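The block underneath contains the structure these notes are about, expressed in structure tokens.
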Amino acid sequence: MRVFLASPWIPAEWVRAHGLESEGIWFAEAFRRSTPPLSAGNCAFAENVVQFAESQADAAVVFPTACDQLRRGYDAAVFRSSARAFLFNVPATQTPAARRLYRAELERLGNFLRQLGGTTPTPERLGAELDAAGQVRSALRTIAPFAEARSLARAVARFCRDGSLAEPLPPTIPKGVPLAIVGGPLSQADWPLFDVIAAAGGFVALNGTDTGERILCPTWENRPDPLAVLVDGYFDHLVDVFRRPNTGLYAWLQERLSARQVRGIVLWCFTGCDLWRAEWQTLREACHLPVLLLETDDAAGLAPRDVSRLQAFVETLQ
Amino acid sequence: MNALMPKLDLAGWDRRYAELQGRGLHEAAYGGPLRRHVDRDRDFRLEQLQFDGSAAALRLWNFLLTENERLHQARGRGEKIVGTMKDLGTVPVMAYALPGLRAFYPDGAWWTPCLMEGSDQLLQQAESLGIDASFCPVRAMLPAFQNGEHFPRPDLLICSTGAVCDDFSAIAQRLEHLGHAIFWWEMPRRRAPEPGEGACVLPGNLTAPSIQVDCVRLELERVRLALAELAGVPLDDARLADGLRAANRVRRLLASLRQAVYAAPAAPLPALEMLVAEMLAIHFCSDREETVAVLAELLAEAHSRLRRGHFVSGAQAVRVFWVNPVADLRAMNLLEDCGGRLAGADFMFSHALDLIPEDLPPLEALARTALADPMVGPATDRAARVVRECRANRAEAVVIARIPGASHCVREGEIIRQTVRQTLDLPVIELEIPPVSDAMLPALASRLQAVVETALARRSK
């Protein structure tokens, strides 16, 4: 049974430790194949997740509670279909109660996975999954500052698909204006964005989207209880826009923006995503950089108007 | 003999006020003619509204419209101001259990653009602060904090997060980035207990896993400490239990008022005044004791009218259950203009209407009540309650008011609509109501008339 995860903060290691296949939904083949009809205020990403969940006959989808759209998307999916779906409560705060809740959610997800045919993981099995994922994340974190954007995106996608490490990424000597992309998930269909930026005279020095370097944050401490390691590894290193307060996101960004001498930020935002859209002005103020908001709502890639905006943005930074 | 009580416009209320004064009207300290809210506070929307003509309604409106002024006065007396955000009915119960604290919802600024008919420019200012029209009108809160022209800047800001609207969470986070420190507390997304899992009964015919109740209780424990530190007085269980009992007094009054008005064969009080009255439940409009007095007077008025057969709508008016508060107050008048009347409502805070259990440790009781919030659980739970209340009050139609830009409205409307249709076979309509809906009134009226006519046609079958 394949289990698709709609949030990077729901541990794939946990699913695999139960003997099931796990995959980040963003890179699934059937995800975002078409443009869904959207009513006003509907988040395009959430709608795609709902439609994907409804279409899966032999797979399950785990929704996060991280945003209203996905949380209520789960409601819609189970209301109008027999989708195999699970809603995982990813806390917004980092209080002791929230940590306890996160651990309890992992245990509850374990029950769900067993219902799907999974097996209770032994500490050794879970430890091995943690080791494997930890090594790949560490390798990707090391190479990320020097890797070409599309190659890194491909490597992260592979990690999200099956937990493995792609072939070694050659370091590149970037040319042009260093930019950061920050925001929601950047699926494979969106990767031409890298080419558009390159053609305009820039390069992506930091991929801070939901499918970029931020998801490499979970790290393990050496402790005897692997479930506690998993809980702390994710809970303490979760860097995302929905955290309250989301100062951790800005600390993470500022360190990397400065180190990589980024000169502009592209805010990648799905139509209807309030959480990222609301950060536009704060990004400008906190990072002291120009920010270009790019909205997407379909699988057709960048609209010509957005290509022009992107070109103008890079041109002004040259 | 039944009589139809005419509603009054503002000019009508000028005359009515003089008449009541002539009869020796006794008012609270915040009393006065409604007109002054237009002249002094630029609440121009009042000129477009139709009001109930009773002294009880006058007191209700004056209470509502003087809230900011009363908060400033409280600050002047040395009281501490607590801004509580999003939880709609939980933290204020705790704050009012302590002496010298006054809690209010800055969220309430969402009605300011309506009341001032946009003359405050709050929505435009919100846009300049990075929050545009793709967000719900609660964005008005942001510039209201910045310019200080409305409510006083709170001494402590507390906001629930987790299973809350994205709009609100995003706007509150923006507020914090602008320099307003926020005490965040976690609200998990409520779910049904799983087989074999420890469970707790919640108000509102709900259950939740014990672990979620524990989570909320622990979070409220942090809130308790923060409030006690601000007040300089410990918020012990005895004090909190007193606070819960006082809140329940308000809730009992509201329950009686709702029963009297919504279950009556014709409406003894108008929809607009009922919306405002229900809103008092969430933070007592910044004065818990006065809320009791205001509601008691309204209830007495409703009972008196029922005895005398005096109603604000005819017996033929279609009994409508209303879902969600309206950004434009005028929409409640419109319902009655179109031949409807309220026969129940879910204005998004049904957990603030339910009695808080008094037979549990007080923080546990409050945690269970907070977790019963219709906005933190599945839309199917909310839909089930709508169905129950429609049945109880013999509703003939359901109107779901969409709040422009609100993230929760996208999905829940569909689930409520389908559940009501499948379970009760009632006509349901969704309306999006902007803060000043004048330009859309004909379209809104058409839709309301359509649902009213459909309900009327069903009577004859």
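The values are calculated or read from the model by the stated rules, or taken from the named source; none is laboratory data. Remember, predicted model here, so these are calculated numbers, not experimental data. A quick note on method: Cβ atoms are made from the backbone with ideal geometry, for glycine too, and the neighbour counts reach across all protein chains shown.
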Quick one: count up the residues across segment A:225-265 that are in contact with a helix residue (DSSP H, G or I) (Cβ under 7 Å, 6 or more places away or on another chain) and part of a loop (DSSP other than H, G, I, E, B).
10
If you take the residues in segment B:241-266 that are free of Cβ contacts under 8 Å to residues at least 60 places away in the same chain and assigned to a helix (DSSP H, G or I), which one is nearest to B:Glu389 (Cα to Cα)?
B:Gln259
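Does any residue of segment A:52-62 turn out to be within 13 Å of chain B (Cβ to nearest Cβ) and either at pLDDT 95 or above or touching a Leu at 6+ places or on another chain (Cβ under 9 Å) (or both)?
no
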When you scan segment B:203-214, do you find a residue that is in contact with a Ser or Thr (Cβ under 6 Å, 6 or more places away or on another chain), assigned to a helix (DSSP H, G or I) and of a type outside the set (Gly, Ala, Ser), even just one?
no
For segment B:163-201, name all the residues that are at the interface with chain A (Cβ under 8 Å from one of its Cβ atoms) and assigned to a strand (DSSP E or B).
B:Trp184, B:Trp185, B:Glu186
Within segment B:337-375, residues being crowded, with 22+ Cβ neighbours inside 10 Å, under 30 Å from B:Ala445 (Cα atoms) and of a type in the set (Asp, Glu) number 1
If a residue has to be closer than 27 Å to B:Phe44 by Cα and polar (S, T, N, Q) to count, how many in segment B:317-375 make the cut?
2
Scan (1) within 25 Å of B:Ala367 (Cβ to Cβ); (2) surrounded by fewer than 19 Cβ atoms within 10 Å (Cβ to Cβ) for the single condition B:Ala263 breaks and write down its number.
(1)
From the list A:Asp297, A:Asp274, which one is within 10 Å of chain B (Cβ to nearest Cβ) and either of a type outside the set (Lys, Arg) or surrounded by fewer than 17 Cβ atoms within 10 Å (Cβ to Cβ) (or both)?
A:Asp274
A:Val314 vs (1) buried (at least 16 other Cβ atoms within 10 Å of the Cβ); (2) touching a helix residue (DSSP H, G or I) at 6+ places or on another chain (Cβ under 7 Å); (3) closer than 29 Å to A:Leu70 by Cα: all pass except (3)
The number of residues in segment A:171-192 that are outside any loop (DSSP other than H, G, I, E, B) and either over 17 Å from A:Arg214 (Cβ atoms) or at pLDDT below 95 (or both) is 7
Condition check: in contact (Cβ under 8 Å) with a residue 12 or more places away in the chain, aromatic (Phe, Trp, Tyr) and more than 14 Å from chain B (Cβ to nearest Cβ). Does A:Phe235 satisfy that?
no
Segment A:242-261, subset surrounded by fewer than 22 Cβ atoms within 10 Å (Cβ to Cβ) and hydrophobic (A, V, I, L, M, F, W, C), residue nearest to the other protein chains (Cβ to nearest Cβ):
A:Ala251
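Could you please give the count of residues in segment B:349-385 that are touching a strand residue (DSSP E or B) at 6+ places or on another chain (Cβ under 6 Å) and under 25 Å from A:Ala77 (Cβ atoms)? Walk me through how you get there before you give the answer.
The first filter runs over segment B:349-385 and keeps only residues touching a strand residue (DSSP E or B) at 6+ places or on another chain (Cβ under 6 Å), leaving B:368, B:371-372, B:376.
If we keep only those that are under 25 Å from A:Ala77 (Cβ atoms) too, we end up with B:371-372, B:376.
Final tally of qualifying residues: 3.
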Meets criteria (surrounded by fewer than 17 Cβ atoms within 10 Å (Cβ to Cβ), in a helix (DSSP H, G or I) and either at pLDDT below 95 or at the interface with another protein chain (Cβ under 9 Å from one of its Cβ atoms) (or both)) for B:Glu221:
yes
Could you list, in sequence order, the residues of segment A:21-51 that are of a type in the set (A, V, I, L, M, F, W, C), touching a residue at least 24 places away in the same chain (Cβ under 8 Å) and either surrounded by fewer than 20 Cβ atoms within 10 Å (Cβ to Cβ) or within 14 Å of another protein chain (Cβ to nearest Cβ) (or both)?
A:Ala30, A:Leu38, A:Cys43, A:Ala44, A:Phe45, A:Ala46, A:Val49, A:Val50
Scan segment A:210-245 residue by residue and report those that are over 30 Å from A:Asp190 (Cβ atoms) and of a type in the set (Asp, Glu).
A:Glu221, A:Asp225, A:Asp232
Output the number of residues of segment A:152-187 satisfying the condition of being surrounded by 24 or more Cβ atoms within 10 Å (Cβ to Cβ), of a type outside the set (A, V, I, L, M) and at negative phi.
2
With respect to the numbered conditions (1) buried (at least 19 other Cβ atoms within 10 Å of the Cβ); (2) on the phi < 0 side of the Ramachandran plot, which one is the sole condition not fulfilled by B:Glu69?
(1)
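For segment A:226-245, does any single residue satisfy the condition of being within 23 Å of A:Ala28 (Cβ to Cβ) and among the aliphatic types (A, V, I, L, M)? Can you show your working first?
Quick first cut of segment A:226-245, residues within 23 Å of A:Ala28 (Cβ to Cβ) only: A:234, A:238, A:240-242.
Subset that is among the aliphatic types (A, V, I, L, M): A:238, A:241.
Scanning segment A:226-245, I find at least one residue that is within 23 Å of A:Ala28 (Cβ to Cβ) and among the aliphatic types (A, V, I, L, M), so the answer is yes.
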B:Thr84 fails exactly one of (1) touching a strand residue (DSSP E or B) at 6+ places or on another chain (Cβ under 7 Å); (2) exposed (fewer than 14 other Cβ atoms within 10 Å of the Cβ); (3) closer than 29 Å to B:Met141 by Cα, namely (2)
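Results for (1) over 18 Å from the mean Cα position of the chain (by Cα); (2) among the acidic types (Asp, Glu); (3) under 20 Å from A:Asp274 (Cβ atoms), shown as yes or no for each residue.
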position	(1), (2), (3)
A:Trp9	no, no, yes
A:Ala28	no, no, no
A:Phe45	no, no, yes
A:Ser55	yes, no, no
Collect the residues in segment A:57-74 that are more than 21 Å from A:Arg277 (Cβ to Cβ) and either within 19 Å of the chain's Cα centre (by Cα) or buried (at least 24 other Cβ atoms within 10 Å of the Cβ) (or both), keeping them in residue-number order.
A:Ala60, A:Val61, A:Val62, A:Tyr74
Take the residues of segment B:382-429 that are among the acidic types (Asp, Glu) and within 10 Å of chain A (Cβ to nearest Cβ): which is surrounded by the fewest Cβ atoms within 10 Å (Cβ to Cβ)?
B:Glu414
Looking only at segment B:93-129, which residues are aromatic (Phe, Trp, Tyr) and more than 22 Å from B:Arg249 (Cβ to Cβ)?
B:Trp110, B:Trp111
Could you check, for segment B:226-240, whether at least one of its residues is crowded, with 17+ Cβ neighbours inside 10 Å, under 29 Å from B:Leu360 (Cβ atoms) and either within 14 Å of another protein chain (Cβ to nearest Cβ) or without any contact (Cβ under 8 Å) to a residue 60 or more places away in the chain (or both)?
yes
